[in-house]
Amino acid sequence: MKVESVSPVAAAVEAERAKSELKKVCKQFEAIFLRYLLKEMRETVPNSGFLGHGLAFDIARSMHDDALAEELSRNNGIGIAEQLYRQLSRYV
């Protein structure tokens, strides 16, 4: 069995890469959560009948909510990503 030593520099680079990946995943999780939150909030609003609701409208609204959730998450969102990162980065 061959055992190779890991230099401190390589270990530090790997740790930084892992933390960067963790931050990215935390932001993705927050975007998913925000997307779900927007979807559930929309279901509480009664349909006014002013605008016709069809398949195209539903697709456009869904795409808008997806883009909004991604943008919110990229710009610090509601803080879930940061809290998750603080908690989980201890283990990386």
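Would you please put 53-60, 15-22 in order of how densely packed they are, using the mean number of other Cβ atoms within 10 angstrom per residue and starting with the highest?
Result, highest mean Cβ count within 10 Å first: 15-22, 53-60.
Only one of the listed values, (i) 14.4; (ii) 16.1; (iii) 13.0, was derived from the coordinates as Kirkwood radius over Cα pairs in Å; which label is it?
(ii)
Starting from the Cα of residue 63, step 7 Å along the direction of its Cβ; do the same at residue 80; then give the gap between the two resulting points in nm.
Modelled inter-label distance: 2.4 nm.
With charges only on Cβ, +1 for K and R and -1 for D and E, what is the dipole size of region 21-91 about its Cα centre, in debye, rounded to 20?
300 debye
As a test of the formula, what do you get for the chain when each DSSP H run with n ≥ 4 contributes -39,500 (n - 2.57) and the sum is divided by the residue count, at 222 nm and rounded to the nearest 500 deg cm²/dmol?
Theoretical 222 nm ellipticity from helices: -24500 deg cm²/dmol.
List the residues, sorted by chain then number, that are 5 or more residues from residue 77 or on another chain and whose placed amide H is less than 5 Å from its amide H.
Answer set, sorted by chain and number: none.
Mind giving me the FRET efficiency for residue 43 and residue 21? R0 is 35 Å, r the Cβ-Cβ distance, nearest 0.05 is fine.
0.55
Lysine pairs in the chain 8 or more apart or on different chains: how many have alpha carbons under 25 angstrom apart? Walk me through the numbers on the way to the answer.
Values: 19/27; 23/39; 24/39; 27/39.
Final tally of qualifying lysine pairs is 4.
Coordinate-derived values only; no laboratory data. Given the structure is predicted, the values throughout are model-derived calculations rather than measurements. A quick note on method: Cβ atoms are made from the backbone with ideal geometry, for glycine too, and the neighbour counts reach across all protein chains shown.
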